[in-house]
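So the structure is just underneath, and the comments pick up after that.
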Amino acid sequence: METLERLLLAHPFLAGIDPQFGRLLVGCAKNVRFAAGEFLFHESDPADEFYLIREGMVALEVSVPGRAPLVISTIGEGDLVGASWLVAPYRWNSDARATTPVRAFSLDAACLRRKSEEDHHLGYEMMKRLMQVMVNRMHAARQQLLDVYGTAPA
Amino acid sequence: MSAAVLADAMLPAPYRVTAARRELSDVVTLDLVPLAGEVPDFAPGQFNMLYAFGVGEAAISLSGDPSDRSRFVHTVRDVGAVSRAIAAAQPGMVLGVRGPFGAAWPVAQAEGHDIVIVAGGLGLAPLRPAIYHVLNNSERFGRIALLYGSRGPDDILFREELGALRARLDIDVAVTVDHAGRDWHGHVGVVPRLIEKASFDPANTVALVCGPEVMMRFTATALLGAGVPDSRIFLSLERNMKCALGLCGHCQFGPDFVCKDGPVFGYDCIARRLAVREI
């Protein structure tokens, strides 16, 4: 457990976090591995955990009837996969597939939501960090929508 | 500028197309050799005015190795009547050339620093001379990173060269695409997202950025967020250039002319103007 806590707190998403929060978080965390091609989760499944990637790459995909699945984003080492655990109805809205062997920390969403309710300082700290990730991804998604390379001249 | 000098600068010199390589469905790289005289020196980031006789003239960045004095190399996307005529040029044909013109990438100023090169789409072409220069003189620079983004896997420019660069030990190369299917095994996402993963010391970094202007704005913001000072972020702007001498005013950008004062500008000088829609 001590090693898990040390490794967990070394993850970039938790960089600099108060060690007392680390002790709370480690109780919700475990090490997980996925083989290349294995799914972390599927669209509409319950979002009952999320992942901090230690190694490897994960593709977020959306299935479109009659077409091959579209990769909307890839997420790599040091990143977080999954935010749907945070807001009702707690269901994933995309598939997440390991494109390489992946090592990650899985955090139990119900456990973290409960501890955040019990300790709002922890909840606020986690919310600030998640908000940073979500805002960055929203900005990136907007840029993707712009399709900026469509007609740019030399 | 005297009338004689002005006349010279406005007079295209005839260059023969010696090679035409199709890079993408709408992008061609041309090698040009003068019918008389030598190929002038050029600095990374500069451009020439290429003249398709009977059609018109367009500003096209130089995309070759600046240490290669045997030819000019230009990479052209077919987007309009003039660029279409230039991109359709075949070996043996003659084009008019005026130049080189414009402000260059500050490669000398970057010596001793880490260097981050961020290119989007065809923006890799104006940065290619800087990449050649930096790699030809890599001992003068710190860590070197090339971050490239394109629309999709089929739109990656200079794909083989990027592959070769990836195999080198003196440059980190990362490629991402905005959209992809499962057959693409690399990054998917916009190119500014590569910045947070790149290995460089932000306080000691010079960043060179070229691509669609929207992409450059977001990239500059990401570089600032990573801690790169605005005075060491450089962008190459695209405007409608006609005379290339700062006389006609077509490419005016606030108090500057992109053809003469640019196309390479320090972000600290133009950041506020980039946000003004009317400019």
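Can you tell me how many residues in the range B:97-116 are under 25 Å from B:PHE257 (Cβ atoms) and either assigned to a loop (DSSP other than H, G, I, E, B) or among the hydrophobic types (A, V, I, L, M, F, W, C) (or both)?
Result for the range B:97-116: 11.
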**Top-ranked residue of the range B:111-158 - restricted to ones that are small (Gly, Ala, Ser), over 25 Å from B:HIS185 (Cβ atoms) and surrounded by fewer than 24 Cβ atoms within 10 Å (Cβ to Cβ), ranked as nearest to the other protein chains (Cβ to nearest Cβ)** = B:GLY142
**Request:** Tell me which residues, restricted to the range B:226-238, are surrounded by fewer than 18 Cβ atoms within 10 Å (Cβ to Cβ) and either assigned to a loop (DSSP other than H, G, I, E, B) or in contact with a Pro (Cβ under 9 Å, 6 or more places away or on another chain) (or both).
**Result:** B:ALA226, B:GLY227, B:PRO229
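Taking B:GLY99, is it under 17 Å from the mean Cα position of the chain (by Cα), within 14 Å of another protein chain (Cβ to nearest Cβ) and either within 16 Å of B:LEU235 (Cα to Cα) or surrounded by 16 or more Cβ atoms within 10 Å (Cβ to Cβ) (or both)? Quick ask: steps written out before the conclusion?
Working: under 17 Å from the mean Cα position of the chain (by Cα): yes; within 14 Å of another protein chain (Cβ to nearest Cβ): no; either within 16 Å of B:LEU235 (Cα to Cα) or surrounded by 16 or more Cβ atoms within 10 Å (Cβ to Cβ) (or both): yes.
Answer is no for this residue.
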**Item:** Output for the range A:66-94, where each listed residue is away from chain B (no Cβ under 13 Å), under 19 Å from A:MET126 (Cα atoms) and of a type in the set (D, E, K, R)
**Value:** none
**Message:** One residue is enough: does the range B:45-59 have a residue meeting the conditions acidic (Asp, Glu) and farther than 30 Å from B:ALA198 by Cβ?
**Reply:** yes
**Request:** Pull up the range A:42-80, narrow it to residues that are among the small types (Gly, Ala, Ser) and without any contact (Cβ under 8 Å) to a residue 60 or more places away in the chain, then point me to the one that is farthest from A:LEU112 (Cα to Cα).
**Result:** A:GLY66
**Fill in**
Filtering the range B:196-217 for residues that are of a type outside the set (Ser, Thr, Tyr), within 14 Å of another protein chain (Cβ to nearest Cβ) and surrounded by fewer than 24 Cβ atoms within 10 Å (Cβ to Cβ) leaves a count of 7
**Residues located in the range B:41-96, provided they are in a strand (DSSP E or B) and among the hydroxyl-bearing types (Ser, Thr, Tyr)** = B:TYR51, B:SER61, B:THR75
**Asked** Do the conditions hold for A:MET131, that is, is it buried (at least 19 other Cβ atoms within 10 Å of the Cβ), more than 13 Å from chain B (Cβ to nearest Cβ) and not small (Gly, Ala, Ser)?
**Response** no
**Request:** Could you tell me whether B:SER63 is assigned by TED's automatic domain parsing to the domain that holds B:HIS179 and among the hydroxyl-bearing types (Ser, Thr, Tyr)?
**Result:** no
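With B:ARG182, B:ARG193 as the choices, which residue is at the interface with chain A (Cβ under 10 Å from one of its Cβ atoms), crowded, with 24+ Cβ neighbours inside 10 Å and at pLDDT below 95?
B:ARG193
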**Prompt:** A:HIS120 is checked against (1) over 30 Å from B:ASN240 (Cα atoms); (2) within 11 Å of chain B (Cβ to nearest Cβ) and fails just one. What number does that condition carry?
**Reply:** (2)
**Item:** Search result, residues across the range A:32-61 that are surrounded by 13 or more Cβ atoms within 10 Å (Cβ to Cβ) and within 11 Å of another protein chain (Cβ to nearest Cβ)
**Value:** A:ALA36, A:MET57, A:VAL58, A:ALA59, A:LEU60, A:GLU61
**Item:** Qualifying residue in the range B:155-166 (condition: among the small types (Gly, Ala, Ser) and in a loop (DSSP other than H, G, I, E, B))
**Value:** no
**Request:** Determine whether A:ALA59 is under 15 Å from the mean Cα position of the chain (by Cα), of a type in the set (Gly, Ala, Ser) and either within 20 Å of A:ASP95 (Cβ to Cβ) or part of a strand (DSSP E or B) (or both).
**Result:** yes
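Which residue is farthest from the chain's Cα centre (by Cα), if the candidates are limited to the range B:31-52 and must be surrounded by 20 or more Cβ atoms within 10 Å (Cβ to Cβ) and more than 27 Å from B:PRO106 (Cβ to Cβ)?
This residue is B:ALA52.
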**Number of the condition not met by B:ALA271 [criteria: (1) under 24 Å from B:LEU122 (Cβ atoms); (2) without any contact (Cβ under 8 Å) to a residue 12 or more places away in the chain; (3) not charged (D, E, K, R)]** = (2)
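The values are calculated or read from the model by the stated rules, or taken from the named source; none is laboratory data. The model shown is predicted, which means the values in this text are computed figures rather than measured ones. Glycine also receives a Cβ, built like all others from the backbone with ideal geometry; neighbour counts cover every protein chain displayed.
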